[in-house]
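One structure below.
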Amino acid sequence: MPEEKKEIESKKEDVNKVAAESEKKAETPVLADDKGIDIDNDDDDGVEAAPKKDGDVTEELPDEIKKKLEARKEEKSAKKPMKKKKKRAKVRVEVGKIYVKASYNNTIVTATDLNGNVISWASAGMAGFKGPKKATSYAAQIITKIVLMKAKDEYGMREASVFVKGIGTGREAAIRAVNANGINVTSIKDITPIPHNGCRPKKPRRV
């Protein structure tokens, strides 16, 4: 009888030990990947991900337009013979001007410095749009992004005043794209030419 009691007590002790070990494992969770390497879930280093700024542009250009731009660069490099370029000092243009020419058939966006020297430019045809798609608001949005990417990366543009010319459909989209791409717009001016009864109009058509 006493031997049986000892066996039962020893079994109970073993069961208690197993339960205690399982509780400890549950308290300290450890992740393991496929290769069996333990990965701690806690961030001991205290390094946090940098918060995204409001002006940062996370979206990139579509793959089709990227391919077209690369193909265009390759064609230009193949046509022109290589010449030695003179080294120029990098100019910083933090404040500049952006000109948007929106016609019924095309949209052209140009970025300049305060003196009017061109920094970068793009048109809907240059981005690969053809036919009636050249005058769309989407084309204006894409070419504005192309212009501002170069102006920001190479010249560090931050502020700009926008000058709009023409009555095409891409004028509003271009202005919104300027603001969305992290450029602080200080002013917007419409410089569309208006005739003051200058030229004689056509005679009315007889039907």
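Structure values in brief
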read-out: Residue list for the range 163-195, filter: assigned to a strand (DSSP E or B) and either touching a Gly at 6+ places or on another chain (Cβ under 7 Å) or of a type in the set (Phe, Trp, Tyr) (or both); value: 163
read-out: Residue in the range 171-178 that is within 18 Å of the chain's Cα centre (by Cα), closer than 22 Å to residue 60 by Cβ and not aliphatic (A, V, I, L, M) present; value: yes
read-out: Number of positions in the range 153-197 that are closer than 17 Å to residue 137 by Cα and among the charged types (D, E, K, R); value: 4
read-out: Lone qualifier among 160, 127, 139, 180 - being of a type in the set (A, V, I, L, M) and in contact with a Phe, Trp or Tyr (Cβ under 9 Å, 6 or more places away or on another chain); value: 139
read-out: Options 84, 90, 134, 76: the member that is at pLDDT 90 or above and either farther than 26 Å from residue 187 by Cβ or touching a strand residue (DSSP E or B) at 6+ places or on another chain (Cβ under 8 Å) (or both); value: 134
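The rows are residues; the columns are (1) within 16 Å of residue 68 (Cα to Cα); (2) touching a Cys at 6+ places or on another chain (Cβ under 7 Å); (3) of a type in the set (Gly, Ala, Ser); (4) touching a residue at least 40 places away in the same chain (Cβ under 8 Å).
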residue: 114; (1), (2), (3), (4): no, no, no, no
residue: 122; (1), (2), (3), (4): yes, no, yes, no
residue: 135; (1), (2), (3), (4): no, no, yes, no
residue: 140; (1), (2), (3), (4): no, no, yes, yes
residue: 147; (1), (2), (3), (4): yes, no, no, yes
residue: 156; (1), (2), (3), (4): no, no, yes, yes
residue: 159; (1), (2), (3), (4): no, no, no, yes
residue: 166; (1), (2), (3), (4): no, no, yes, yes
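The values are calculated or read from the model by the stated rules, or taken from the named source; none is laboratory data. From a predicted model like this one, the values you see are computed outputs, not experimental measurements. Cβ sites come from the backbone with ideal geometry, for glycine too, and all protein chains shown count toward neighbours.
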